[in-house]
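Everything below concerns the one structure shown next.
The values are calculated or read from the model by the stated rules, or taken from the named source; none is laboratory data. None of the values given here were measured: they were computed from a predicted structure. So basically every Cβ, Gly included, is an ideal-geometry build from the backbone, and we count neighbours across all protein chains shown. Just so you know, the surface numbers come from the protein's heavy atoms only, side chains and all, with ligands and any DNA or RNA stripped out. Shrake-Rupley method; radii C 1.70, N 1.55, O 1.52, S 1.80 Å.
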Amino acid sequence: MKIDPIHQFNIEPLFTLGHIGNHTIAFTNSSLYMLVAVAIISLLMLASGTQLVPGRLQSVAEISYEFVASTIRSTAGTEGMKFFPLIFSLFMFICVSNLVGIIPYTFTVSSHLIVTAALALLVFFTVLIYGLYKNGLKFFKIFVPHGVPIYILPLVMFIEILSFFLRPVSHSVRLFANMLAGHIALKVFAGFVAMLGFSLGALGWVGGVLPLALTVALTSLEILVAFLQAYVFAILTCIYLNDAIHPGH
């Protein structure tokens, strides 16, 4: 039995929407699971209600709201709350799509670099445009740290500028690489269980107990990673926005 841990990341067209020149515009499995994530978030927020004593859905919605709000206040201050819709949307979309992707035979949207890069570039240009809009040329103070001796200032400025423009790379690759590696590991260990069972019969199923246990443990770890990667993406967004709100601080 062949183990193919990469097949789960294939983007498959479901139906064609049209053509632009020689390029086919198709609705893919990736598009479908993006809509699924948005639908789950919308149902959670709309169906949660506004009862004085919250039910389960309302509790989840309120906890999610307060978690993101407290993260913004602690990293970007109260002024950063103007970006709450953006950060909350990013956190919930990444978290829900990651959790949906753990379900067998589903698709993990954030396992593709093009998706995570698009989200990272959205954050990058939001920071750049708002920073210049709010602070003008003072925004570039983020490239000049306080207290740096003049003789090494050019080198420090070069490093700061380089790190600023590399933010979308690190921001996107961190999420993409973690989800890709975790799902590959899950597929490999799960494949071992099936391969041993089909090739060695009853003896193989006994031998598959260890990889099965590792698969269960990795699944639990992936659930934690799904949440943590959404949190890391959100908190880095808050830190970057803090540079636009308070340059040079």
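Mean silhouette area of the stretch 44-95, derived from the convex hull of its C-alpha atoms and averaged over all directions, reads 3.9 nm². In this structure, the amide hydrogen of H246, modeled 1.01 Å from its nitrogen in the peptide plane, lies closer than 5 angstrom to no residue at least 5 positions away or on a different chain. The alpha carbon gyration tensor of the stretch 1-138 gives principal lengths a ≥ b ≥ c with a/c of 1.5 or higher and a/b no greater than b/c, which makes the shape oblate. Give me the percent of the accessible area of the chain that comes from carbon and sulfur atoms, probe 1.4 Å, all protein chains in place. C and S atoms contribute 73 percent here. Of the listed residues L137, L224, L44, the order by accessible area with a 1.4 Å probe, largest first, is L137, L224, L44. Remark: spin-label model distance L46-I11 equals 2.7 nm, labels positioned 7 Å along the Cα→Cβ axis. Once the chain from I239 to T106 is taken as fully extended at 0.36 nm per residue, the excess over their C-alpha distance is 44.6 nm. Using the Cβ-Cβ distance between A213 and A39 with R0 = 51 Å, the FRET efficiency computed as 1/(1 + (r/R0)^6) comes to roughly 0.90. Measuring between their Cα centroids, the stretch 233-248 and the stretch 174-188 lie 27 Å from each other.
What the stretch 50-243 shows is 54 Å² of accessible area per residue, with the surface traced by a 1.4 Å probe over protein heavy atoms.
Looking at [x] 7, 23, 27, 22, 14, 5, 1, 0; [y] 7, 29, 35, 21, 8, 1, 0; [z] 7, 30, 34, 17, 6, 3, 2, 1, 0, which value of P(r) over Cα pairs in 10 Å bins from 0, in percent comes from a calculation on the structure shown? Matching the structure shown: [x]. Of interest is the spacing of the C-alpha centroids, which for the stretch 92-164 and the stretch 10-76 amounts to 22 Å. In this structure, the amide hydrogen of A26, modeled 1.01 Å from its nitrogen in the peptide plane, lies closer than 5 angstrom to those of L17, counting only residues at least 5 positions away or on a different chain.
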